[in-house]
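All of the numbers you see were taken from the coordinates with simple rules; none came from a lab. The model shown is predicted, which means the values in this text are computed figures rather than measured ones. Cβ placement follows ideal geometry from the backbone for every residue including glycine, while neighbour counts extend to all protein chains displayed.
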Amino acid sequence: MWCLKRKAELLAIIALFGGVALAQGDEPAAEAAPQAGIAETGEQVASRCAECHGEGGRSQTRDMPSIAGFSMLATMDLLDTYRMGLRTARAVELPDGTKTDMVEVADSLSDADEWAVVIYYANQPWQPHEQPFDAALARRGAEIHAEKCDRCHYDGGRDPESDLPISAGQWRDYLEAEFDNFDSGRRAMSDKMREKYDTLSAADKRAIIELYVSAGDY
């Protein structure tokens, strides 16, 4: 029900602003002003996220995810999972010595800020992180993923059209931590995902992580 509500909101915003591709430069002049405004706001909001998620959403910290190129619904889902207590937020110390976490960040966003920032990140290019990986294990991971995961996490976790976070090309440290969170219950998952996840062995999970680390380039 929540997802349907969010999708309805998404369609309303897209209708209002004439689409997600705000920087294409090919919209009618009448639409350009509001789109430029929301794009500028999104960049301003994203500047508050850059300490952890990097400029333009490309993380430079190995235990933090890149979020550039995520679909609007995927980013909204991430924010809502923190608000709803569906995943644990770890404290992060900022360069000025203050501490924050994702629950605090999510709660600080107005509705307008949230829409602006999810549109901003949806328009940033996804760039996988280059990391060493075991090609044979990645190929095994691709086989497991095709059987267990690909119905929801399209194209080996690379396709933003799945409306889920992009997994392929994320930092290894982040991926391993998230799998640990799933195993421990610190991060909740849908019943549909749990049904599949619980059939994976520890070796299967390592192989899937290796697939993601390879960014599909194995």
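Where does each of C49, C152 land when they are ranked from fewest to most other beta-carbon atoms within 10 angstrom?
C152, C49
Below 8 Å between Cα atoms, with a sequence gap of 6+, how large is the relative contact order for the stretch 135-214 in percent?
It rounds to 53 percent for the stretch 135-214.
Could you list T41, T199 so that the one with the fewest beta carbons within 10 Å of its beta carbon is first and the one with the most is last?
T199, T41
Tell me, H145, H53, H129 in order of fewest to most beta-carbon neighbours within 10 Å?
H129, H53, H145
Please list, by residue number, every one of the GluC sites (Glu not before Pro) in the stretch 118-204 that is coil in DSSP and has at most 11 other beta-carbon atoms within 10 Å. Please list the in-between numbers first.
Details: sites: E130, E143, E147, E161, E176, E178, E195; in loops: E130.
Passing sites in the stretch 118-204 are E130.
For the stretch 135-214, rounded, prolate or oblate, judged on the Cα gyration tensor with a ≥ b ≥ c (square roots of eigenvalues), a/c < 1.5 rounded, else prolate if a/b > b/c?
Details: a/c = 1.26, a/b = 1.13, b/c = 1.11.
Here the stretch 135-214 falls in the rounded category.
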